[in-house]
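Comments concern the structure below.
The values are calculated or read from the model by the stated rules, or taken from the named source; none is laboratory data. Since the model is a prediction, treat every value here as computed from it, not as a measurement. Glycine gets a Cβ as well: all are built from the backbone with ideal geometry, and neighbour counts include every protein chain shown.
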Amino acid sequence: MNGAGSSLSAIRLIFAAARTLRSSGTRSAPPDSTPNASNSRLVNAIALAPFAGRRGPYKRGLWKTFQRNPQFWGVSPDPGRVLLCAWRQGLCLRAEASRVDILILGLLLVRDAERLFGPGDLGGVKPRQVLELLVLARGHAVSTEAIAAALWAEGREPHNVTATLNTYVCVLRRSLFGSCRDRARRTIVTGPGAYRLDLEGITLDVARFDDLVLAAQRSPERPHRIRLLTEAVGLYRGPLLEHARYDEWVQEERTSYEDRMTRAHLDLARDWLGEGDRLTSLRHAELALRHDRYSEEAYRLIMVANYDLGHHDAVRRALERCRTVLDRDLGVGLSPETSRLAACMQARNCTADLLERFYPQPAIRVPALAEGSVA
């Protein structure tokens, strides 16, 4: 059912609930009493209203929650307040059932089934930075001292750091979860002198990227590696936490993921070269250079792809560009491997010999990834 149909069904259920309450003529029962049939129909209607148009466990779970929550019956005899209470509880339970995606490869985005938050939707710069620090910790506790060191320059901390951070965390919870306080506290957990992000029900794009790259490096099958790495590089929307370009505490993680993205594109270029798709290999090698302009391996892959395509002028331009960039910016010359590759091309060796000599079938690698990687 589309969004408009769901909203219409929800409105109809609410009006039906209100009519039931008015016609029943009964006041709210005390917490230990058993609701009568009219009240049962009422609560059934208003409890299911947020889930109008949906089927399955959502409705059943919500209705069971109302049955097991006797405090609901003592909220108020006022129809408006009863409906508002039920509606809010229904929305919270619907939020409980949805997963949250946190994307940091690019601008920060937080999304669930119905909402999307950007960097400016989290209650301010400081609450957003608290969330980013917790995401980078991957479920591990981050001490208040570490958060304070990242948020404020030395000597610029507020008088009461703990109270200020508590305020930022409260703002962050309210921005993300609204009135669903239980889930807010379970997700952003306050510990003794620290905070952490509970990753249950949360998907991180960086964790997904790491898992895909690790699976590709363990796979002996080239087509399978290509599929995994293609999905991995597809997660990239820009540098890590692109909006926080000048925050010092982001730089190390950002550099790390730029290096991993470079490696993923290089592996794709190499595998596509082995599959005989020179144009795709060339594209990934050029993308690798965008992440690391000093990667000689990327230049070599560009040279091999162009050599096999018969673009000998492009081979010479790539070699000269590599030599110029390394000499001008780093003060170094070409590596022995790049020089040997250029010599083989000048001697007009066939592409098959070049691939066998410079790009043999890679061994399975098992790199050490960051702790907290989530499947």
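Condition check ((1) in contact with a Gly (Cβ under 9 Å, 6 or more places away or on another chain); (2) hydroxyl-bearing (Ser, Thr, Tyr)) across all residues:
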{"residue": "Leu199", "(1), (2)": "yes, no"}
{"residue": "Val206", "(1), (2)": "no, no"}
{"residue": "Glu221", "(1), (2)": "no, no"}
{"residue": "Thr230", "(1), (2)": "no, yes"}
{"residue": "Tyr236", "(1), (2)": "yes, yes"}
{"residue": "His243", "(1), (2)": "yes, no"}
{"residue": "Arg254", "(1), (2)": "no, no"}
Residues to consider are Arg222, Arg254, Arg218, Arg263; find the one that is of a type in the set (Lys, Arg) and closer than 30 Å to Ser98 by Cα. Arg254
One residue is enough: does region 224-236 have a residue meeting the conditions touching a residue at least 60 places away in the same chain (Cβ under 8 Å), under 17 Å from the mean Cα position of the chain (by Cα), assigned to a loop (DSSP other than H, G, I, E, B) and not assigned by TED's automatic domain parsing to the domain that holds Leu109? yes
For region 124-209, please list each of the helices (runs of 4 or more DSSP H) lying entirely inside it that holds at least 3 residues being in contact with a strand residue (DSSP E or B) (Cβ under 7 Å, 6 or more places away or on another chain) and modelled with pLDDT of 95 or more. 125-136, 161-177
If Leu214 satisfies all but one of (1) assigned by TED's automatic domain parsing to the domain that holds Ala141; (2) over 19 Å from Pro127 (Cα atoms), what's the number of the condition it fails? (1)
Give me the helices (runs of 4 or more DSSP H) completely within region 253-364, filtered to those with at least 1 residues that are over 39 Å from the mean Cα position of the chain (by Cα) and either surrounded by fewer than 20 Cβ atoms within 10 Å (Cβ to Cβ) or outside the structural domain of Leu235 (by TED's automatic domain parsing) (or both), ordered by residue number. 312-325, 336-346, 351-358
Could you tell me how many of the residues in region 217-227 are surrounded by 19 or more Cβ atoms within 10 Å (Cβ to Cβ) and either basic (Lys, Arg) or within 10 Å of Leu268 (Cα to Cα) (or both)? 2
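Yes or no, residue by residue, for (1) touching a residue at least 12 places away in the same chain (Cβ under 8 Å); (2) surrounded by fewer than 17 Cβ atoms within 10 Å (Cβ to Cβ); (3) closer than 19 Å to Arg111 by Cβ:
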site	(1), (2), (3)
Arg128	yes, no, yes
Arg156	no, yes, no
Leu165	yes, no, no
Arg173	yes, no, yes
Which residues, counting only those in region 103-126, are among the aliphatic types (A, V, I, L, M) and touching a residue at least 40 places away in the same chain (Cβ under 8 Å)? Leu103, Ile104, Leu105, Leu107, Leu108, Val110, Leu122
Top-ranked residue in region 111-126 [being more than 19 Å from Ala163 (Cβ to Cβ) and of a type in the set (Lys, Arg); ranked as surrounded by the fewest Cβ atoms within 10 Å (Cβ to Cβ)]: Arg115
